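Taken together, the values in this text are just the output of simple stated rules run on the coordinates, not laboratory data. Every value quoted in this text rests on a predicted model; they were computed, and no experiment measured them. Don't worry about glycine lacking a Cβ; one is built from the backbone with ideal geometry, like all the others, and counts go over all protein chains shown.
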Amino acid sequence: MRLTEAGETLLAQIRSWQNDERDLRARIEGIKGRSGALRIGVMECLAEVFLPEVLGRLRRVYPDFSMTISVGGTGDIAGRMLSGTLDYAIVFNAPADIGLVPLHELRMEIGLVVPVGHPLWGSAGIPLERIADWDLVVPDNSLTIGPLVKSMLEGARATSRAVAVTNSVSLVRTLVGQGVGLGLLTWADVFTEVAGGRLCFVPLSGKPTTETLSFSKFPSGRTSALLRDFEEAVIDGMQGLQG
């Protein structure tokens with residue numbers, strides 16, 4: 001069957017419309033792929049470590065990208081993940097029974113944090129028993145590291161005195177920096193201060209006590225170039241914490 005001249009003209013126009021529709025859909029998908037907002041829950045000690053770099057890296061590729069960053073403890077962030085008000089969680093010791101899927105995990109040792117000028121500055125390692133001569137600033141049990149520190153001190157029968165107990169890792173860092181006492185935190189907790197020469201992280205000899213830092217989300221079929229690039233940027237930032 002051969003089309004008439006009018007039929008061929010109509011067919012050509014239909015094909016042109018179809019091509020225009022495909023181009024329009026591609027442009028819309030491209031716009032969607034370069035914009036978006038993500039909601040991230042992160043612990044206080046990590047909020048300023050690598051997320052600013054993640055945001056800058058993503059906005060260079062996706063100019064309309066934005067993040068809502070909620071700072072809190074592991075329990076609070078896990079609860080908000082369950083309620084659907086967060087898309088991703090970056091926390092220590094994420095609960096294993098709520099269905100979160102870890103995208104990346106790091107085991108972070110707990111060590112001694114000392115201020116500038118302290119006799120232990122630059123030490124390669126120290127037994128926990130040797131800190132008995134110094135006062136401590138320690139996290140309380142509302143933080144996941146709190147019970148671990150308590151167990152460590154009890155197990156070592158350390159007689160150090162806790163001159164300050166707090167639910168703020170930031171305050172632990174500040175008080176240690178002011179010479180109030182020594183701290184027991186992870187490398188990730190003091191990464192920025194150590195890099196800036198304001199604090200020193202001294203590993204503890206013997207069997208290490210660790211926390212698990214995880215970047216996780218709930219399983220879903222949602223995917224895009226933006227999400228893949230975001231996840232890759234966060235994982236790169238976490239790997240940078242390993243030194």
Gain on full stretching of the segment that runs from SER205 to THR174 - 0.36 nm per residue minus C-alpha separation:
8.7 nm
Zone of ASP140's modelled label, taken as backbone nitrogen in the range 150-182 under 18 Å from a point 7 Å along Cα→Cβ
150-151, 162-176
If I model a spin label as a point 7 Å beyond the Cα along the Cα-Cβ vector, how far apart are those points for VAL101 and ALA164 in nm?
4.2
Quick one: compute the contact order of the range 108-211, relative version, from alpha carbon pairs under 8 angstrom and 6+ residues apart, as a percent.
50
Taking the beta-carbon count within 10 Å as an exposure proxy, list ILE126, ILE131 from fewest neighbours to most.
ILE126, ILE131
Taking the number of other C-beta atoms within 10 Å as the exposure measure, put VAL180, VAL116, VAL190 in order starting with the fewest.
VAL116, VAL180, VAL190
LEU120 long-range amide H proximity, modeled H, under 5 Å
none
Debye log10 I(q)/I(0) at q = 0.11, 0.19 Å⁻¹ for the range 108-211, Cα point scatterers
-0.26, -0.86
Ordered by fewest other Cβ atoms within 10 Å, a rough proxy for footprinting exposure, ILE77, ILE98, ILE69 read ILE98, ILE69, ILE77
Unit charges on C-beta of K, R, D, E only; dipole of the chain, Debye:
180
Gain in span if fully extended, THR85 to SER123, counting 0.36 nm per residue against the direct Cα distance:
9.3 nm
PRE reach from VAL194 (point 7 Å along Cα→Cβ): which of the range 102-116 fall under 18 Å by backbone N?
105-116
